[in-house]
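Inspection log for the structure reproduced underneath, given as structure tokens.
The values are calculated or read from the model by the stated rules, or taken from the named source; none is laboratory data. These figures come from a predicted structure and were not determined experimentally. Ideal geometry is used to build each Cβ from the backbone, glycine not excepted, and the neighbour counts take in all protein chains shown. The accessibility values were calculated without ligands, DNA or RNA, using every heavy atom of the protein model including side chains. Shrake-Rupley method; radii C 1.70, N 1.55, O 1.52, S 1.80 Å.
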Amino acid sequence: MNQDLYDNARRLVGAVTRGLSARQGEGVAEVLERLSEQDIGEAAFQEPAPKGLPVLVCLPQCIGETMLLDPDLAAAIAAVEDALQWRQSASYTDHVLGAGFTANYGWAEIIGPHGFFAGSDFLLGLLMLGPERHYPDHYHPAPELYWPLTSGSFWSRDGKSFDMKAQGATIWHPAMALHATITNDMPLLAAWCWTSATATPAKLKWA
Ligand SMILES: [Fe+2]
């Protein structure tokens, strides 16, 4: 076993847990309860096959900004960044989402089948979205929490208007709620969590 990577993965889960424990928003308690049920012991540790994506060109800037919010979390992300398997949803193509979208989007699991611990119908991960992007209305049966670690992202739920969410805010999407995200001149790094019903992928409203 790669002891350093295991320790760093635990440190990352711990930093997310501490950060969310300091917040009161909708869904946070559900995430923390489900997180506490996940096995992050040595026997459950797995090494993802590392994979990068073009959007990672924005990651150093995002980690630098995360330092201003939560230095422990920023350091914990930096410590595992080369070990993460960055992925994209199979149905998300530039043809569907617009030229350049796939070069500016990606997510990685921390807990999940492709993360450091498989999890039990539970996903915890990181999302990146490049500047000037619109991740349009989509939905899924998994209740979802987003925790933007950078500033200047805009969020819509249930087809309503977009609200700017501060760095460190939490955003809750109940099961099947329509939601969308926009970035302006800053890239977005966010932690995210699916608390259950993880087998069904997200579906775009109009795809
Ligand atoms: Fe979602």
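Kindly check whether there is at least one residue in the range 117-127 that is surrounded by fewer than 16 Cβ atoms within 10 Å (Cβ to Cβ) and not in a loop (DSSP other than H, G, I, E, B).
No, the range 117-127 contains no residue that is surrounded by fewer than 16 Cβ atoms within 10 Å (Cβ to Cβ) and not in a loop (DSSP other than H, G, I, E, B).
For the range 105-116, what are the residues that are in contact with a Lys or Arg (Cβ under 9 Å, 6 or more places away or on another chain) and surrounded by fewer than 22 Cβ atoms within 10 Å (Cβ to Cβ)?
Across the range 105-116, the qualifying residue is only HIS114.
Can we say ALA191 is in contact with an Asp or Glu (Cβ under 6 Å, 6 or more places away or on another chain), within 16 Å of the ligand (Cβ to nearest atom) and open to solvent by less than 30 Å² (accessible area, probe 1.4 Å)?
For ALA191, the condition - in contact with an Asp or Glu (Cβ under 6 Å, 6 or more places away or on another chain), within 16 Å of the ligand (Cβ to nearest atom) and open to solvent by less than 30 Å² (accessible area, probe 1.4 Å) - is not met.
Please determine, by comparing only the residues of the range 128-163 that are free of Cβ contacts under 8 Å to residues at least 60 places away in the same chain, open to solvent by less than 30 Å² (accessible area, probe 1.4 Å) and part of a loop (DSSP other than H, G, I, E, B), which one is farthest from the ligand (Cβ to nearest atom).
Among those residues, the one meeting the criterion is GLY152.
Does the range 89-97 include one or more residues that are open to solvent by 40 Å² or more (accessible area, probe 1.4 Å) and within 14 Å of the ligand (Cβ to nearest atom)?
yes
Return the residue satisfying two criteria in turn: it lies in the range 102-127 and is within 13 Å of the ligand (Cβ to nearest atom) and closer than 15 Å to GLN38 by Cα, and of such residues it is farthest from the chain's Cα centre (by Cα).
If we take residues in the range 102-127 being within 13 Å of the ligand (Cβ to nearest atom) and closer than 15 Å to GLN38 by Cα, then LEU123 is farthest from the chain's Cα centre (by Cα).
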